[in-house]
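See below for the structure under consideration.
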Amino acid sequence: MSVRLRRIARLFVLLWSALSWFAGAAHAAGAAVEPLLLGPATTSATLASHFARLVDPDRKLDFAEVLKADADGGMEPREDFRGAGQTRDIHWYRFDLMRAPGAPADWLLEMGEAYIDHLDLFIPKAMGPKATAAAGRPQEPAAYRLVRLGDFVPFSQRPMKTRLHALPLTMPEGKPVSLYLRVDSVSAIRLSARVWAPAAYIGHQTTDLLFQGLFLGVLGILVLGYVALGLLLRDGALLAYTGYVATVFCYYLFANGIAATLLPDLPGWFMNMMVGSSGFLGFAAALIMWVYILDLRTRAPWLRRCYQGLALLALLMLPSTVSPLYALTNPIVTVSALIVVVVALVLTARMAWLNRDDPTPRFYLASTLVSLTGLTMAQLILRGILPADFFIADPYQVASMLAVLVLGTGLALRIGRLQTERLRAREESAFATKRAEEQRSFVAMLSHEFRTPLASIDSAAQMIELSGAVEAPLALTRLLRIRNTTRKMAELVDLFLSADALDQGALALKPEPVVLGQLLEEVRAGLTGTEAEERLELSVEAPDRALLADAPFLGVAIGNLVQNALRYSPPETPVRVSAGDDGGGIVIRVADQGRGMSPDEVERIGSIYFRASSSRGTKGSGLGLYMTQKIVAAHGGTLTVESVRDEGSVFTIRLPDDGGKLPAVDRLAAQ
């Protein structure tokens, strides 16, 4: 019976104390907040609904003024913890607690987030198991002791070496106690507070650190694996994805307080710099990653330029992470990130719709959806729209891990598809090359066989002409046309076979000393008897200049240039051929007054079968300049072109003094 009476007495004492404290609080403060009751069975309890808040936008209030404002009812009771966003306002909190009779005296107060700069906690000096104070809210600042927390306090100087900011409390029995907290941070403020029984806190720490280790371990493995794969495959998307995952790893390593436990004496500004910089760098890496994944270079060049501009802007804003400007630049990057994620969501959805047989875009879409959900919830919590402890403490952390895993799976599928396509393309290329070689061999043999029937046709036409059996002018004209056509066909066959032999390295040049003037006269002799001979203007500055060359083939190269100049320029205009020694070797120029070529066409001169647009309506095969370039290169020289639309072209052959340092036969085979 006595035990029951004692329990009833304790209950009356507790109720009386609570009523007395409430009456005094209502009279003195006008901000009635029910204290958090810590009972014998309590293991963990949030301080939501058990605190009041005062915002100081001018950053001028000291602790004495806050106590006076609280006594005058200036602190607003709050039902739950909500983020304050990116703000330079100072937030004051009053936490109200009370230990029930029979409950343990030792408790732990934990406050977060880890990356808040300054958490200054004012605790009544009278707190303790033998406290005799009648009330737990003294009105004099001297009655409180100050405990400094926050990431600007070195980890080695904190009351407890934990990831979040924690300290032990010894509570008096049956007496309400008020703690005052001053919060000041450059980064976003998202405060929550919870009281733990020591044994329960140990279990919580084990679970919490296990999750953080798993999270960072997964990200670390992804970074190491994908950076090696990206470097091996030289894939921009993989490398950008690896950079993004690395920034997420770095961000949570510092933002969650893990880095502080590993490097206990890091300064607070460095912590802020790492959190802000990794966020900005992650945004830039994500932009570059989406440029590759969405193939914006070809599909939307204007959007690619926008993404690159945003990435550059994020990099330029990196210095602001250690200055008050961070309160301005961070929201800009956050809003931009939301817009980019929404755009990526639309584009990946479109990609998945258009490529229904390819599962890769679906992973991109799922990853984007997860990222958008986590980022939106995190911002809603950070800006105070949702409670700080809504559902899970940090939805974006969970969403980030899921997003990078899903996106990594999609990129792995992409790499597999690209490797399959490359292998297929390699096989098709090998097949096409083999088939082209077979066709070339067949055409070369067929062209070679054309020589005999062409020679027979020309010989028969010549015999008919010499026999005198044909006297009619019209018939003689047709006979001459047959011979000219046959001769042109034979020249075309020889040109093709020579070009093919040069291309295959099967035709060896035989360099011999030759005089420059004689070489050019032989080129002129090749035009004897034609109307074009009269248009040719030949100028040789050093006709006795000797050079080492294969005269027949070099003559073919120069002759091709001359014939092209005559063919593609107006009949009444001259073609000027000049040759001489410029001090560094032989220079031969062929200039015409034809229709010229565009800069793009000039770059393609010498490509096999290429003909400029100015050659339309004129017969040709596109092999002449190709063969000329091969012959000149075989002699160790160069072929250059200067051309202007409607003004003509100048082809220049430059040959070294000795035809090159290598024997001509070796130089030709190297082509």
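The values are calculated or read from the model by the stated rules, or taken from the named source; none is laboratory data. In this text the structure is predicted, and so the values were computed from the model without any measurement. Glycine gets a Cβ as well: all are built from the backbone with ideal geometry, and neighbour counts include every protein chain shown. The protein model used for the area step is the full one, side chains on, heavy atoms only, and it has no ligands, DNA or RNA in it. Shrake-Rupley method; radii C 1.70, N 1.55, O 1.52, S 1.80 Å.
You can think of it this way: the chain between Arg417 and Asp357 has 20.4 nm of extra reach, that is 0.36 nm per residue less the Cα-Cα gap. Here region 337-436 has 68 percent of its accessible surface on carbon and sulfur atoms, given a 1.4 Å probe and all protein chains in place. How much of the accessible area of region 57-202, probe 1.4 Å, is carbon plus sulfur, in whole percent? Reported share for carbon and sulfur atoms: 52 percent. Electrostatic bookkeeping for His165 treats Lys and Arg as +1 and Asp and Glu as -1; over the other residues with beta carbon under 12 Å from its beta carbon, the sum is 0.
Solvent-accessible surface of region 208-366, taken per residue with a 1.4 Å probe and all protein chains present: 48 Å². The residues neighbouring Thr360, those whose beta-carbon lies less than 13 Å from its own, together hold a net charge of 0 under the Lys/Arg +1, Asp/Glu -1 convention. When each of the peptides 591-600, 634-643, 175-184 is scored by the mean number of other C-beta atoms lying within 10 Å of its residues, the order from highest to lowest reads 175-184, 634-643, 591-600.
Binning the alpha carbon pair distances of region 549-599 at 10 angstrom intervals from zero yields the distribution 23, 45, 28, 4, expressed in whole percent. Summary value for region 216-347: 23 percent relative contact order, contacts being C-alpha pairs under 8 angstrom separated by 6+ residues. Equivalent ellipsoid of region 169-242: semi-axes from √(5λ) of the C-alpha gyration tensor, largest first, are 45, 18, 6 Å. Sorting Asp151, Asp80, Asp62 by accessible area puts them as Asp62, Asp80, Asp151; the probe is 1.4 Å, largest comes first, and only protein heavy atoms count.
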